[in-house]
Amino acid sequence: MILDQDGNISIITQEKATVIELVKKLQTLYPKFKNNNIVVALTSLNKLGLNDIIEFLELSNTHRATKHSFVIVSSNIDLDIVPDEIIVVPTLKEAYDIIEMEEMERDLGF
């Protein structure tokens, strides 16, 4: 797992760990970046299934409840099967765009 910081955005890049191992590690390290927007880059995984994305649901819901963004980046999943409760985009640029839009919504009181 590689952890990069870009302003108020923590970018977590998955290296070799399985999705389940990554989620466990994120839950353990969560206090370190709980006050930032989070981007989880899963671009190194060849194929992701719905179960892989669902593993992040609890962490995503917890983080979004604190008025911060949680976005997963992967172009290796069918976006039509992803539940609406979790945000998955194909590129890092789109993740930044989502965070920017959500910050504007929060500033406007939505």
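None of the figures in this text is laboratory data; all of them are computed from the coordinates on show. Because the structure is predicted, anything quoted here is derived from the model rather than measured. No Cβ is skipped: glycine too gets one built from the backbone with ideal geometry, and neighbour counts run over all protein chains shown.
At a glance:
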item: The range 2-107, Rg to Rh (Cα coordinates; Rh as Kirkwood inverse mean 1/r); result: 0.92
item: Sites Thr18 and Arg106, calculated FRET efficiency, Cβ-Cβ separation with R0 30 Å, nearest 0.05; result: 0.35
item: Charge-dipole axis of the chain as Lys and Arg at +1 and Asp and Glu at -1 on Cβ define it, positive-most pick from Ile53, Phe33, Ala65; result: Phe33
item: Normalised contact order of the range 2-107, rounded percent, pairs of Cα under 8 Å and 6 or more residues apart; result: 23 percent
item: Around Glu94: net Lys/Arg minus Asp/Glu count, Cβ-Cβ under 14 Å; result: -2
item: Lysine-lysine proximity count for the range 2-107, Cα under 25 Å, sequence distance 8 or more or distinct chains; result: 20
item: For the chain, calculated [θ]222 nm from helices alone, where every DSSP H run of n ≥ 4 adds -39500 (n - 2.57); result: -12500 deg cm²/dmol
item: Relative frequency of Cα-Cα separations exceeding 17 Å in the range 21-76, percent; result: 34 percent
